[in-house]
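Heads up, the thing below is written out as structure tokens.
The values are calculated or read from the model by the stated rules, or taken from the named source; none is laboratory data. These numbers come from a predicted model, not from an experiment. Cβ placement follows ideal geometry from the backbone for every residue including glycine, while neighbour counts extend to all protein chains displayed.
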Amino acid sequence: MGDSNFLNFDNMSLQGIDQDAELIPLLTPEDEEEMNNEGLPETLPILPLRNTVLFPGVVIPITAGRDKSIKLIKDANNGSKVIGVVAQKDEQTENPGINDIHTLGTVARILRVLQMPDGNTTVIIQGKKRFELAEVLTEEPYITATVRETLEERPDKDGQEFLAIIESVKELALKIIKDNPNIPSEASFAIKNIQSNSFLINFVSSNLNLDVKEKQELLEIGNLKDRALATLKYMNIELQKLELKNVIQSKVRSDMDQQQREYFLHQQMKTIQEELGGVSYDEEISEMREKAKDKKWNAKVADHFEKELAKLQRMNPQVAEYSIQRNYLDLFIELPWNEFSEDKFDLKRAQKILDRDHYGLEDVKKRIIEYLAVLKLRNDMKSPILCLYGPPGVGKTSLGKSVAEALGREYVRMSLGGLRDEAEIRGHRKTYIGAMPGRIIQSIKKAGTSNPVFILDEIDKLASSHQGDPSSAMLEVLDPEQNSAFHDNFLEMGYDLSKVMFIATANTLSTIQPALRDRMEIINVTGYTIEEKVEIAKRHLLPKQLKEHGLTAKDLKIGKPQLEKIVEGYTRESGVRSLEKQIAKMVRYAAKSIAIEEEYNIKISNDDVEKILGPARLERDKYENNDVAGVVTGLAWTSVGGDILFIESILSKGKGMMNITGNLGKVMKESATIAMEYIKSNAENFGIDPAVFAKYNVHIHVPEGATPKDGPSAGVTMLTSLVSLFTQRKVKKSLAMTGEITLRGKVLPVGGIKEKILAAKRARIKEIILCEDNRKDILEIKEDYLKGLTFHYVTDMSEVIDLAITKQKVKNAKKL
């Protein structure tokens, strides 16, 4: 016999029962047999139950609160103690009638009636057998009805299948009791002590965690075997739910234990760090908050910072995102929000600094001084985007340092050569491990002010790939209308770049995206003349190299004639980078001689130049005074500045074919074809017999075939060469030309005039033929560059021929 507390799996205790009260026995097979043999009264008082179903043999406590139920129990307890118990269809029904209750219920015997402290009546009843309502007799003061017994179909006691089902029910019941912490483990003794198979089924069915409807369906199953199978199905479902619930609770408990363990370890680590004098995470956060108090950011930025700092406080310091968030806040604090250096508006001092550091570059200096003047007057001008465009080595990048010093601003340089990842400009999103801000924001942080001079070096060498187009990302950086709120993916806030003075450098404009080029003010930085190179070498390059090699001006002296010899014989560029390398070679020679205590000439002579640097090897720039018809000197623009080139043409007997060699591009080949057709159509004007075009082949060649050559500036040169060839009259000495032609013989203007003029001076050219429309380009060049040069401006090819070709035929001229 078990205590009554163990009768219910759902832990329904019989509160208020005296501890010394008589225990209620479990139903034995003999009791069950006796119960089944008892007769059924013809009429019974019917007690509706709200939220439970009574099964035969099962003992349950019920609480009576309705007046009808209390009177029914009182009358029955004073009489036969037998009542009919039926479940309500809807437990919300307060005063159920005959239509509100099920028709099949269980006859019950009142075992005990208890008055509870709260005024309710608790009744302990035991089910006897099933019945079915036949006819309602009365509904007041409570329902009474005639009933008829509903027999259960019981399988053979020795049936193996039924016994196996019973064993399964018992095993599952014991497992549920074991796995459910809410059921006392002593309940397993009650299950084990049940001897009656039918009572075991009814007992388990009564205590399953099912609703009233499902329990009523079990009660209405007349076949005990079928009821056992249905009970077994519900038990399996309940066991699965219980196992899943236990797994979840176990995982939650494990996670909680792990968190508590980590918290304990973190607290220990924090204490150890403080004992060792280190900084704990809380102290770091406090330090960040203290630093933030001194920042000059607006309310929006301050609120964002506080929100991100609060997020850091909630993070576990051991997760990877913690370091990213910490780096983010460090960047936020270190950025110079609204911190600006004070501009210096002493324009005379600025001019002196620019003149001191750079010889020449008058246009660039003039533009910088103009910018300073406007900024001084308005003090709120948006910084313009300057783009210094020119060949390598002319001082574009180093000019930025001088500008920064002249303005009194910080100097920042960012190389864009080969950059192909958009994230380098805009930064990475914080969702990625190893995320970083873009190089724009990093450079501003490094500068420490929000208005530095920012050099964007080699902007023409930006590339694009599957990782994005950096040149498109640069549009926002360089647009004065947009960069006041430049968005960096890592920063996640708009940063004001409008006070930054951006200076871009480029070797060519053709590779710069048109939209990007439109946002910049292009300033052409052309090459240097020989005189300028000599002056730059004397003022800057030689002192710099002496200092870098540990020498002084007393250890090596190079005069202007020797510097000019180095420039003319050993360098071939518009800038001074190669010149600096040659001077460095001269300085190393002196350093070596001093180190091994060897005598050398402190004052370098021309012979010393050839001894140290070897024979002059760049004589191809020199003008070739040929007495051969068909050779003309042209002027060309290259990526390293201006150059001269020779166009040669010869005749050979044939059928009037024309060959063009010299690694020429499509444009130059078209120029040769146009020139040839123009000569054929105007042969009589040039004194050429039209019959020769069918008797001779023409071969045009531009020397240095390994060097690619192309561009729209060789038309007049090719036409002059062909006219000289067909008339067998040579071209005038020390003459060069540049320009393009049309089929009508018109001369078109070309670009790169200053570079070409410098190349002509290096080659000792005396006269230059240009298009009339290029006169304006000559007027923009300093007069110093033009000394010793005579310019002829033409509009038609006939003028070119009259100026370029002599009246006398060459010696041993071919008879055509």
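Residue under question is T431, and the condition is that it be surrounded by fewer than 23 Cβ atoms within 10 Å (Cβ to Cβ), without any contact (Cβ under 8 Å) to a residue 24 or more places away in the chain and not in a helix (DSSP H, G or I); does it hold? First the steps, then the outcome.
Numbers: surrounded by fewer than 23 Cβ atoms within 10 Å (Cβ to Cβ): yes; without any contact (Cβ under 8 Å) to a residue 24 or more places away in the chain: yes; not in a helix (DSSP H, G or I): yes.
Spelling it out, T431 is indeed surrounded by fewer than 23 Cβ atoms within 10 Å (Cβ to Cβ), without any contact (Cβ under 8 Å) to a residue 24 or more places away in the chain and not in a helix (DSSP H, G or I).
Filter the stretch 524-533 down to residues that are buried (at least 19 other Cβ atoms within 10 Å of the Cβ) and either out of contact with any Leu (no Cβ under 6 Å at 6 or more places or on another chain) or not polar (S, T, N, Q) (or both), then give me how many there are.
Just the residues of the stretch 524-533 that are buried (at least 19 other Cβ atoms within 10 Å of the Cβ), to begin with: 525-529, 532-533.
Then drop every residue that is not either out of contact with any Leu (no Cβ under 6 Å at 6 or more places or on another chain) or not polar (S, T, N, Q) (or both), which leaves 525-528, 532-533.
Final tally of qualifying residues: 6.
Sort out which residues of the stretch 177-202 are farther than 19 Å from T150 by Cβ, out of contact with any helix residue (DSSP H, G or I) (no Cβ under 6 Å at 6 or more places or on another chain) and part of a helix (DSSP H, G or I), and write them in order of number.
K178, F189, K192, N193, L200
Among the numbered criteria (1) in a helix (DSSP H, G or I); (2) out of contact with any Lys or Arg (no Cβ under 9 Å at 6 or more places or on another chain); (3) crowded, with 18+ Cβ neighbours inside 10 Å, which one does E424 miss?
Failing condition for E424: (2).
Which is surrounded by fewer than 23 Cβ atoms within 10 Å (Cβ to Cβ), of a type outside the set (K, R), closer than 14 Å to A504 by Cα and in contact with a helix residue (DSSP H, G or I) (Cβ under 8 Å, 6 or more places away or on another chain), of D457, D479?
On the way: D479 fails: in contact with a helix residue (DSSP H, G or I) (Cβ under 8 Å, 6 or more places away or on another chain).
From the options D457, D479, the qualifying one is D457.
Which of the residues belonging to the stretch 214-261 are under 47 Å from the mean Cα position of the chain (by Cα) and either among the charged types (D, E, K, R) or not in a helix (DSSP H, G or I) (or both)?
Matches in the stretch 214-261: K241, E243, K245, K251, R253, D255, D257, R261.
Under 6 Å between Cβ atoms, at least 6 apart or on separate chains: pull out the pairs that start in the stretch 442-459 with a residue that is over 20 Å from M520 (Cα atoms) and end on any residue that is aliphatic (A, V, I, L, M).
Taking only residues 6 or more apart or on different chains, the pairs are S443/V412; S443/M414; K445/L335; A447/V412.
Among the residues of the stretch 345-383, how many are farther than 25 Å from R539 by Cβ and buried (at least 16 other Cβ atoms within 10 Å of the Cβ)?
Summing the residues that are farther than 25 Å from R539 by Cβ and buried (at least 16 other Cβ atoms within 10 Å of the Cβ) in the stretch 345-383 gives 3.
Just a yes or no: is a residue in the stretch 395-413 among the hydrophobic types (A, V, I, L, M, F, W, C) and farther than 30 Å from I530 by Cα?
Yes; the residues of the stretch 395-413 include at least one that is among the hydrophobic types (A, V, I, L, M, F, W, C) and farther than 30 Å from I530 by Cα.
Looking for whichever is within 30 Å of E573 (Cα to Cα), assigned by the TED database to the domain that holds I441, within 33 Å of the chain's Cα centre (by Cα) and aliphatic (A, V, I, L, M) here; the options are I353, I385, I369. Which one fits? First the steps, then the outcome.
Numbers: I353 fails: within 33 Å of the chain's Cα centre (by Cα); I369 fails: within 33 Å of the chain's Cα centre (by Cα).
After ruling out the rest, the residue left standing is I385.
Of all residues in the stretch 32-63, count the ones that are surrounded by 16 or more Cβ atoms within 10 Å (Cβ to Cβ), at pLDDT below 85 and among the small types (G, A, S).
0
What residue, of A145, A164, A134, is free of Cβ contacts under 8 Å to residues at least 40 places away in the same chain, among the aliphatic types (A, V, I, L, M), in contact with a strand residue (DSSP E or B) (Cβ under 8 Å, 6 or more places away or on another chain) and not in a loop (DSSP other than H, G, I, E, B)?
Numbers: A145 fails: free of Cβ contacts under 8 Å to residues at least 40 places away in the same chain; A164 fails: in contact with a strand residue (DSSP E or B) (Cβ under 8 Å, 6 or more places away or on another chain).
Result: A134 is the single residue among A145, A164, A134 that is free of Cβ contacts under 8 Å to residues at least 40 places away in the same chain, among the aliphatic types (A, V, I, L, M), in contact with a strand residue (DSSP E or B) (Cβ under 8 Å, 6 or more places away or on another chain) and not in a loop (DSSP other than H, G, I, E, B).
Any chance you could count how many residues in the stretch 387-414 are in a strand (DSSP E or B) and either farther than 22 Å from R577 by Cβ or of a type in the set (F, W, Y) (or both)? First the steps, then the outcome.
In the first step, residues of the stretch 387-414 are kept if they are in a strand (DSSP E or B); the result is 387-389, 411-414.
Right, trim to either farther than 22 Å from R577 by Cβ or of a type in the set (F, W, Y) (or both) and you get 389, 411-412.
Number of matching residues: 3.
Okay, residues lined up against (1) loosely packed, with under 15 Cβ neighbours inside 10 Å; (2) among the hydroxyl-bearing types (S, T, Y); (3) modelled with pLDDT of 90 or more:
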residue	(1), (2), (3)
M737	no, no, yes
L748	no, no, yes
L770	no, no, yes
R775	yes, no, yes
Y785	no, yes, no
H792	no, no, yes
I805	no, no, no
V810	no, no, no
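How many residues are touching a strand residue (DSSP E or B) at 6+ places or on another chain (Cβ under 9 Å) and surrounded by fewer than 20 Cβ atoms within 10 Å (Cβ to Cβ) when one looks only at the stretch 460-476? Break it down stepwise before answering.
Narrowing the stretch 460-476 to residues touching a strand residue (DSSP E or B) at 6+ places or on another chain (Cβ under 9 Å): 460-461, 474, 476.
Then keep just the ones that are surrounded by fewer than 20 Cβ atoms within 10 Å (Cβ to Cβ); that gives 461, 476.
Residues meeting the conditions: 2.
Could you please tell me which pairs satisfy a Cβ distance under 6 Å, a separation of 6+ or placement on different chains, a first residue in the stretch 78-101 that is assigned by the TED database to the domain that holds I125 and touching a residue at least 24 places away in the same chain (Cβ under 8 Å), and a second residue that is charged (D, E, K, R) and assigned to a loop (DSSP other than H, G, I, E, B)?
Partner pairs satisfying both residue conditions: Q88/R50; E91/R50; D100/K89.
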